[in-house]
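The values are calculated or read from the model by the stated rules, or taken from the named source; none is laboratory data. These numbers come from a predicted model, not from an experiment. Cβ sites come from the backbone with ideal geometry, for glycine too, and all protein chains shown count toward neighbours.
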Amino acid sequence: MYDLVKSTGISNSPIIIALLIILAYFLIAVIIDLFLNKVIKRLVSKTKTKFDDYFVSSIRLPVFISIFLTGIIISFDVIKLPKTDISLYKSIINTLLVLFWGIAAFRIIKNFVDKGINKIFEFAGLQRDIIPLLVVIIRIVVILASIMTILAVWKIDITPFLASAGIVSIIIALAAKDTFANLFGGISLFLDKPFKIGDYIELDDKDRGEVVFIGARSTRIKTRDDILITIPNSIIANSKIVNESAPVRNFRVRVPVSISYDSDIDRVEQILIDLAKQNENVLPDPVPRVRFRAFGDSSLNLELLCWAHEPAIRGLTIHELNKAIYKKFKDEGIQIPFNQLDVHFKNKP
């Protein structure tokens, strides 16, 4: 650029040539900015995602500043300033470039987290309280990277800083190992997706309830007693999880029934199926059915199988079916065996 301006013969003054170089780079920056705004931005506006629109808008200013400041750096060589001054001015300009691009990088990544990660969390059924934490982590990473780059621009040895940062990282990791374990547990839950908000789960055959919150550190389930249980994600990630709402929300209800040996088993089977069909909580499809399970010591053991709308009404459905079965058996004269103890007294001789 310097040889091109000098060959025009406009002036032999270094200051005039430097100003022309700065003006030329300014015009180049304006042209590229117009190209980004009028052409590239129009092309990306036709895509389905809005991230590329925000990306183009975010880099316009850093690109413009970078081109313009590049012209200023080249003009320093034309003016022939002392090397110490040129080195100082270049360091200042490179520092400004790092700041502009650092701000642009943070905005681009933050937009991706807010829009892209937000949709992923929504699709997975996860609470979005981890997003502010991700934004804070990104801000810290960008700031640290910018500081390291600026130190390198000013030719400051960053080895002591890296060593100190490593020691501090080890101390923080040891102090917050439980927090990190829960955070990684939440990440594993996000990747595996064993459940989502609204599902009924059971953990290790003990805690059962509806998932109401999935956070970065813990998960909360609400039991049928309306008790809220908060469980660290590290525990859930290492537990056996029974998801009663997957792959479908329909929940199978099992009602064991015992009848005497002299009962009409076909009649009993039809009664149980009719009672299940009459219950509002029972789905018509799959159809209810009865299975003869075993010959008991004093009874025939059957089991009524039907499907409820959702796991939350399992207890209510069993309650209503048991009541209806008891009343119907009583009306039909069907005996329900129960343990009896006969005591005989003998007269001593």
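Within segment 264-278, can one find any residue that is outside any helix (DSSP H, G or I), surrounded by fewer than 16 Cβ atoms within 10 Å (Cβ to Cβ) and not acidic (Asp, Glu)? No, segment 264-278 contains no residue that is outside any helix (DSSP H, G or I), surrounded by fewer than 16 Cβ atoms within 10 Å (Cβ to Cβ) and not acidic (Asp, Glu). Considering segment 209-253, and only residues there that are in a strand (DSSP E or B) and among the small types (Gly, Ala, Ser), the residue that is nearest to Asp199 (Cα to Cα) turns out to be Gly209. Quick check on His319: is it without any contact (Cβ under 8 Å) to a residue 60 or more places away in the chain and part of a loop (DSSP other than H, G, I, E, B)? Here the answer is no, as His319 does not meet what is asked.
Restricting attention to segment 242-268, the residues being within 38 Å of the chain's Cα centre (by Cα) and more than 20 Å from Gly315 (Cα to Cα) number 1. Of the residues making up segment 97-108, those that are closer than 17 Å to Met148 by Cβ, surrounded by fewer than 18 Cβ atoms within 10 Å (Cβ to Cβ) and within 23 Å of the chain's Cα centre (by Cα) number 0.
Can you name the residue in segment 310-326 that is small (Gly, Ala, Ser) and under 40 Å from the mean Cα position of the chain (by Cα) and, of all such residues, is surrounded by the most Cβ atoms within 10 Å (Cβ to Cβ)? Ranking the qualifying residues of segment 310-326, first place goes to Ala312.
Checking each residue of segment 252-263 against the condition of being surrounded by fewer than 17 Cβ atoms within 10 Å (Cβ to Cβ) and under 19 Å from Tyr200 (Cα atoms) gives at least one match. Within segment 76-108, being within 19 Å of Ser58 (Cα to Cα) and among the hydrophobic types (A, V, I, L, M, F, W, C) holds for Leu96, Leu97, Val98, Leu99, Phe100, Trp101, Ile103, Ala104, Ala105, Phe106, Ile108.
Condition check for Asn238 on (1) in the same structural domain as Tyr200 (by TED's automatic domain parsing); (2) surrounded by 15 or more Cβ atoms within 10 Å (Cβ to Cβ): one failure, at (2).
For beta carbons closer than 9 Å, sequence separation of 6+ or different chains, a first residue in segment 72-89 that is farther than 14 Å from Leu19 by Cβ and without any contact (Cβ under 8 Å) to a residue 12 or more places away in the chain and a second that is part of a helix (DSSP H, G or I) and of a type in the set (Asp, Glu), the qualifying pairs are Ile86/Asp77.
If you go through segment 284-309 and keep only what is crowded, with 17+ Cβ neighbours inside 10 Å and outside any strand (DSSP E or B), you end up with Pro288, Ser299.
Taken as a whole, the condition of being closer than 30 Å to Glu332 by Cα and in contact (Cβ under 8 Å) with a residue 40 or more places away in the chain does not apply to Val242.
Taken over segment 198-229, the residue count meeting the criterion of being acidic (Asp, Glu), surrounded by fewer than 17 Cβ atoms within 10 Å (Cβ to Cβ) and under 13 Å from Ser239 (Cα atoms) is 3. For the structure I just gave you, tell me whether Phe195 is surrounded by 15 or more Cβ atoms within 10 Å (Cβ to Cβ), touching a residue at least 12 places away in the same chain (Cβ under 8 Å), at negative phi and in a loop (DSSP other than H, G, I, E, B). Here the answer is yes, as Phe195 does meet what is asked.
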